[in-house]
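Quick notes on the structure that follows.
Read-outs throughout are calculated quantities, based only on the coordinates presented, and are distinct from any laboratory measurement. All of these numbers come straight from a predicted model, not from anything done at the bench. Please note: Cβ atoms are built from the backbone with ideal geometry, for glycine as well, and neighbour counts cover all protein chains shown.
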Amino acid sequence: MSDSSRRTFTASLATAASFSRVLGANDRVRMGYIGLGNRGDQVHDAFLEHGDNQTTAVCDLRDDYMDFAIRKSRATPKKYGDYRGLLDDKEVDAVVIATPDHWHALQFIDACNAGKDVYVEKPLSLTVFEGRRMVETARRTQRVTQVGIHRRSAPFLKEAAEFVRAGGLGQVTVARSFHILNQWPKGIGNPAGSAPPSEAEWEQWLGPAPKVPYNRNRMFYNFRWFYHYSGGQLTNFGVHYMDMIRWCLGKEWPRAVTAMGGKYAVEDNREIPDTLEALWEFEGGTLVSFSQYNCNAAPADAQRAEIELRGTKGTMYIHGARWEVVPEKITDLSTFPRTPLDRASERAYGPSRKAAMEPRSAKGSQDTALHARNFLGCVKSRARCTCDIEIGHRSTAATLIANIAHKTRSYLEWDGQAERFTNSEAANRLLHYKYRAPYKLG
Ligand SMILES: NC(=O)c1ccc[n+]([C@@H]2O[C@H](COP(=O)([O-])OP(=O)(O)OC[C@H]3O[C@@H](n4cnc5c(N)ncnc54)[C@H](O)[C@@H]3O)[C@@H](O)[C@H]2O)c1
C-alpha cells in the first residue's frame, strides 16, 4: 500500500467512524470476519451458535476458506480479498480478527477507526508498544472490544478466580503453567524453500513483517513457530495461562522477568525454542512460571493440569474443563518433636497435622460461544467485555516481556505503569520493531 493510498484509506475510515449504528437488544449484529483459517473458522462457528448476529462479510487470502465460511453462514456474505474493503463496508457493525499475530495491531486500529466493534484473537499483539496503541485507539474511538482469551467468559473459571482472590487458597506464593508435548524428532519438518502460492498472497501475508524468502512453514498455522509473526508458544498458549493467573492473583503486571531455553532437540526449521522456562515475580510475593517442554511429554505436575496455583492453605489445579483444590496439611510446629521425650510422645500420638481447608472442585465449559455471547451483548449494551482490550493487553504484554528476557538473556525489572524496563535499554528497544514500508501503526 502506498503512503497516499494509506492516507486516503485512513481519512475514509475517520468519516466511517461516525456511521456506526446504535443497536437495540433485539437487533442482529452484522459481522465481518478477517482471517478464516484454523481459529477464524472456530470463532465463526461460535458466533453462528447465537441467533442475534449474521455473517455479512468475509475476508481472507484464501478463496476456499471464504467459500467454506459462506457455505456455513445463514446469509450471503460479501467476499473481500483486502480487509480494507471489508472495513469500508457500511453494512458491517463488528469484526472478528483472526489473522496471524503480526497483523492484529494494524487491522484492529483500522477497524476501530472505521467505527467497528472488534473481537480480536489472542495474543493481542506482536509487541508491547502495539498493544498499548491498540488500547488507546479503542478508548479514543469508544469501541467495544473482546480479546480472544475465551476462558474469561467461562463461569466456572470466574468462580475459581474469585475463590483465589478472596483468599481461599491462603497466600499464593507459586503459580506454574505448562505446555507439554513431544515434537521430537521432526517437529514441523524442514521444507525446502520454494515459490510462494502467489507473490501477491505472500506479500499480503507478510504485511508489516520483514520481506524474507518464502517457506511453506512460515504461512498457514505454522507461522506460530517464527518470531516475525508470533511470540511462539509463550504467547500462543502462555497468554491464556498468564491471563488466568493474573485473574486469580488480582495483579496487573509482574515486577520482574527472566527466561531460559533454546531449540535443543527438535530437527525442523522453527525459530522458537522447543524447551523454555519463563519466570516472573509479582509484587506481594508470587513466582509465576511457564514451562514449555516440547521434547518430552511426561507430566510435570501432580495432576497433569494446565495451571497450578500453590497457596499456603491449598493447591488449585486448573484443567480445560474442571478445577480442583487439594488442601494443605498444616503441621503444628509447636508440637514438633525436639527432644527424645517429645519423640517418644510423637510415637504415641504423631505430630499434629490437620487439613487447612475443605477440598473443592468445579466443572464447566470454556466454549468460545460463551465469549462470543458476551461480545454480542456488549456490542448492544456498550458495556466492557469480559476480556476487554486492556485485560488482553496486560496479559499479552506479560508474556511478550518474557520473550525479550529470553532474547536478551537477562533478568529484567519491569515498570508496568510506564511499560518500560528499568534496568536495560537494550531490552526497551525490543518493545517494538520497525515495520516494513509502507506500513505504519495508525
Ligand atoms: N483463542 C484461541 O484459543 C486461539 C486458538 C488458535 C489460534 N488463535 C489465534 O488466531 C490467530 C490465527 O491463527 P490460526 O491458527 O487461525 O492461523 P491460520 O494460519 O490457520 O489462519 C490465519 C488466516 O489469516 C489469513 N490472513 C493472513 N493475512 C491476512 C490478511 N492480511 N488479510 C486477511 N486474511 C489474512 C490467512 O489466509 C489464514 O487463513 C492467531 O493470532 C492465533 O494466536 C487463537
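Computed quantities for the displayed model
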quantity	calculated
Cross-link reach list, lysines versus residue 72, counting only Cα pairs under 20 Å and skipping chain neighbours closer than eight places	none
Fraction of antiparallel bridges per DSSP, the chain only, in percent to nearest 5	60 percent
Long-range amide H partners of residue 256 with built H, under 5 Å	281, 414
Cα-based equivalent ellipsoid of the range 291-442: semi-axis lengths in Å, sorted from largest, via gyration tensor	45, 26, 16
Estimated Rh, the range 43-185: Kirkwood, alpha-carbon pairs, angstrom	17.6 Å
Ellipsoid equivalent to the range 135-280 - semi-axes via the Cα gyration tensor, in Å	34, 22, 13
Furthest towards positive pole of dipole, 229, 364, 418, structure part the chain, Cβ charges	418
Span from the the range 367-423 Cα centroid across to the the range 23-62 one, whole angstrom	23 Å
381, 334, 424, 395 arranged by Cβ crowding within 10 Å, fewest neighbours leading	334, 381, 424, 395
Under 5 Å, built H, 5+ apart or other chain: amide partners of residue 174	287, 310
Kirkwood-based shape ratio for the chain, expressed as Rg/Rh from alpha carbons	1.02
Residue list for the range 208-243, given a label point 7 angstrom along the Cα-to-Cβ vector of residue 181 and an amide N cut-off under 17 Å	217-227, 229-242
Förster radius 25 Å - calculated FRET efficiency between residue 82 and residue 271 (Cβ-Cβ, nearest 0.05)	0.30
Extended-chain gain in nm, criterion 0.36 nm per residue less alpha-carbon gap, residue 201 and residue 173	5.3 nm
J(HN,Hα) series, the range 301-315, from Karplus relation 6.51 cos²θ - 1.76 cosθ + 1.60, nearest Hz, glycine and proline x	10, 3, 10, 6, 7, 7, 9, 10, 10, 9, x, 5, 9, x, 10
Flagged links, alpha-carbon separation over 27 Å, of 329/363; 251/407; 116/251	116/251
Neighbour-count order for 76, 56, fewest beta carbons within 10 angstrom listed first	76, 56
Cut-off 11 Å, label 7 Å out along Cα→Cβ of residue 211, residues of the range 83-102 by amide N	none
Table column - 3J(HN,Hα) (Hz), the range 129-144, Karplus curve with 6.51, -1.76, 1.60, x for Gly and Pro	4, 4, x, 5, 4, 5, 4, 4, 5, 4, 5, 4, 8, 6, 8, 7
Aspartates and glutamates whose Cα lies under 17 Å from that of residue 313, excluding same-chain neighbours fewer than 8 positions away	162, 324, 328, 332, 358
Charged-residue dipole, Cβ positions (Lys, Arg, Asp, Glu), the chain about Cα centre, Debye nearest 20	460 debye
The chain: angle of helix 3-16 to the longest principal axis, Cα-based, in degrees nearest 10	80 degrees
Karplus 3J(HN,Hα) series, Hz, for the range 186-200 with 6.51 cos²θ - 1.76 cosθ + 1.60 (x for Gly, Pro)	9, x, 8, x, 9, x, 5, x, 7, 6, x, x, 7, 4, 5
For the range 155-366, alpha-carbon Rg relative to the globular expectation (2.2 N^0.38 Å, N residues)	1.36
